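**Student:** Attaching a single structure in structure tokens format; questions to follow.
The values are calculated or read from the model by the stated rules, or taken from the named source; none is laboratory data. As the structure is a computational prediction, the values presented were derived from the model and not from experiment. Glycine gets a Cβ as well: all are built from the backbone with ideal geometry, and neighbour counts include every protein chain shown. Please note that ligands, DNA and RNA were not included when accessible areas were found on the heavy atoms of the full protein model with its side chains. Shrake-Rupley method; radii C 1.70, N 1.55, O 1.52, S 1.80 Å.
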2 protein chains.
Amino acid sequence: MKLTEAKEQFTQLWGALGSGWGINRTMAQVHALLLISEESLSTEDIMTQLSISRGNANMNLRELMNWNLVYKDIKAGERKEFFKAEKDIWEVAKRIARERKRREIQPLIASLNVLTDVDESNKEAKSFIQTVNNIHQVVTKMDAAVDTLIKVEENKFFGTIVKMFK
Amino acid sequence: MKLTEAKEQFTQLWGALGSGWGINRTMAQVHALLLISEESLSTEDIMTQLSISRGNANMNLRELMNWNLVYKDIKAGERKEFFKAEKDIWEVAKRIARERKRREIQPLIASLNVLTDVDESNKEAKSFIQTVNNIHQVVTKMDAAVDTLIKVEENKFFGTIVKMFK
DNA sequence: TTAATATTTCAATAAATCCTGAAAGTTTAA
DNA sequence: TTAAACTTTCAGGATTTATTGAAATATTAA
């Protein structure tokens, strides 16, 4: 396969993947493009390569920066801004996990707590509360598990072990 | 809070959550409704409680059955079909993980493999291949980690330990 | 076998989401 | 201070995705 073709396919693939996980396709494609570019790209580079408008490129770049997946890369003597992506995929995964935890899991846990404040105590209410508690428990444990994964490398002992496998 | 209100909010919450994760809102709401119902529900129950059409209810119920999250519950002497959800949330999580692995992660891994077949060998091509390999590696490891989690309870030794924490 | 009851399908429509492009805003070189 | 270069915003339009509802198909009681 030609490199150009492979890059093109990768961008498509990453975009399709994203849209299945609640990330908009273009944002994922912009991310893909930056992931496989050795050089930083300007907004215009991205517009050209993905055939998208300036507004769209700008919006998605900003959102990628909010997720800490992409940075501005100011070049000396250049007026334009350039962008580059974090290339370490493990780091990328951690940042996505961190962000989704913050944006979705933590509010979810808070809402679940509120829902157990039901002021009835018949069989039906008890069953409801139990289901909600059960969900609360599982979600909380998963949240904690993700934290452990994220932080494991910062831990002296486990960090060393994990690095051996990378 | 009143039970009715709490149930209503739970359904909303679960629906919003789903739509952020690539699952359509109504499907998640139908799931929520079944999760918190002690009794199995008929298509009409679901239509009424969520104010959705017959076609929509039917489609989403079928999809939930494809995911193994909901079953038909045939009642003796009843012509209608009733539906009930798997209530063990850990089991629910495992089934979702299993299904998404099968539908998305495994095809992704296969596609990534193909993309490293680039018939150029300059610096740019090498960098591209390295990025793709890096992604391949991380995705594969995560896939394996999820498998371990799913299977851990089937393991005599770890299974016992895990059950202690549940 | 019939007719009543249930379920499924799918074309048309509605709703949600995303993208465009031009105008407004900002920055910087001179 | 000006004007060119660049970035951001956002209303309107385009696209994608979800929903309706009625017709077709299937099932069952009698």
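**Student:** Give the B-A buried accessible area in Å², both sides summed, 1.4 Å probe, nearest 100. Each step should come with its number before you reach the end.
**Tutor:** Numbers: alone 11460 and 11460 Å², together 18690 Å².
Protein heavy atoms only, the B-A interface buries about 4200 Å².
**Student:** Heavy-atom accessible area of residue A:63 with all protein chains present, probe 1.4 Å, nearest 10 Å²?
**Tutor:** Approximately 60 Å² for this residue.
**Student:** Can you tell me the 0 to 90 degree angle between the C-alpha axis of helix B:89-100 and the longest principal axis of chain B, rounded to 10?
**Tutor:** Tilt of helix B:89-100: around 50 degrees.
**Student:** Is chain A best put as rounded, prolate or oblate by its Cα gyration tensor, with a ≥ b ≥ c the root eigenvalues, rounded for a/c under 1.5, and otherwise prolate when a/b is larger than b/c, oblate when not?
**Tutor:** Working: a/c = 2.62, a/b = 1.88, b/c = 1.40.
It is prolate, given that a/c is not under 1.5 and a/b is the larger ratio.
**Student:** Would you please classify the overall shape of the range B:37-126 from the alpha carbon gyration tensor, given that a ≥ b ≥ c denote the square roots of the eigenvalues, rounded means a/c under 1.5, and beyond that prolate means a/b larger than b/c while oblate covers the rest?
**Tutor:** On the way: a/c = 4.21, a/b = 3.01, b/c = 1.40.
Verdict is prolate for the range B:37-126.
**Student:** Once Lys and Arg get +1 and Asp and Glu get -1 on their Cβ, which of A:93, A:40, A:77 lies farthest toward the positive end of the dipole of the range A:22-124?
**Tutor:** Of the listed residues, the answer is A:77.
**Student:** Could you please point out the chain A residue with its Cβ nearest to the axis of the rotation taking chain A onto chain B, and the distance in whole angstrom?
**Tutor:** Residue plus distance in Å, as requested: A:22, 3.
**Student:** If I model a spin label at residue B:25 and residue B:84 as a point 7 Å from the Cα along the Cα→Cβ vector, what separation in nanometres do I get?
**Tutor:** Those two pseudo-labels are separated by 3.1 nm.
**Student:** Continuing with the same structure: Compute the accessible area per residue over chain A, keeping the other protein chains in place, probe 1.4 Å, unit Å².
**Tutor:** Numbers: 9350 Å² over 166 residues.
On a per-residue basis, chain A sits at 56 Å².
**Student:** OK, next. If the limit is 27 Å between Cα atoms, which of A:2/A:87; A:72/A:101; A:72/B:101; B:72/B:141 go over it? It would help to have the intermediate numbers written out before the result.
**Tutor:** Numbers: A:2/A:87 22 Å; A:72/A:101 25 Å; A:72/B:101 34 Å; B:72/B:141 36 Å.
Pairs exceeding 27 Å: A:72/B:101; B:72/B:141.
**Student:** Please determine, in degrees from 0 to 90 and to the nearest 10, the orientation of helix B:106-115 with respect to the longest principal axis defined by the Cα atoms of chain B, where the helix direction is its Cα long axis.
**Tutor:** 20 degrees
**Student:** Related question: Say each of residue B:76 and residue B:91 gets a label point 7 Å from the Cα, pointing the same way as Cα to Cβ; how far apart are those two points in nm?
**Tutor:** 2.3 nm
**Student:** Heads up, I need the accessible area for residue A:87: 1.4 angstrom probe, whole protein in place, Å², nearest 10.
**Tutor:** The accessible area of residue A:87 comes to roughly 80 Å².
**Student:** While we're here: State the percentage of accessible surface on the protein assembly as shown attributable to carbon and sulfur atoms; use a 1.4 Å probe and exclude ligands, DNA and RNA.
**Tutor:** On the way: 10070 of 18690 Å².
Summing carbon and sulfur atoms, their accessible area is 54 percent of the total for the protein assembly as shown.
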